[in-house]
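Since the structure comes first, as structure tokens, the remarks are kept for the end.
FYI, it's all coordinate maths here, none of it is from the lab. Computed from a prediction, not measured in an experiment: that's the story for all the values here. Counting neighbours? That spans all protein chains shown, and the Cβs are built from the backbone with ideal geometry, glycine included.
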């Protein structure tokens, strides 16, 4: 008798659920970050929506936080906004914590 017994469909569905949760948390985080950066850059309305969409699509094509940070820093630098890499990473961390906490509170209900 095997030491562990796994129901394949149960494991697969849990994995899918975990991956979906991670995807939606990251997508929500990135949307908030793109709105924050776009707002700092002075974008409003359609220009802000375009900037957010562009960043979200870029992240989907290459899911890489480093690439997103580099883009923010380059955009800020071009606009004459002083922002350090550490400040951007701190913003990412704080937004992700808020999004995770909110996602967790929805699962508790």
(request) Please specify each residue of region 77-106 satisfying the condition of being farther than 17 Å from residue 32 by Cβ and free of Cβ contacts under 8 Å to residues at least 40 places away in the same chain. (result) 77, 78, 79, 80, 82, 84, 85, 86
(message) Given the condition in contact with a helix residue (DSSP H, G or I) (Cβ under 8 Å, 6 or more places away or on another chain), surrounded by 12 or more Cβ atoms within 10 Å (Cβ to Cβ), closer than 16 Å to residue 32 by Cα and touching a residue at least 60 places away in the same chain (Cβ under 8 Å), answer yes or no: does some residue in region 61-68 qualify?
(response) no
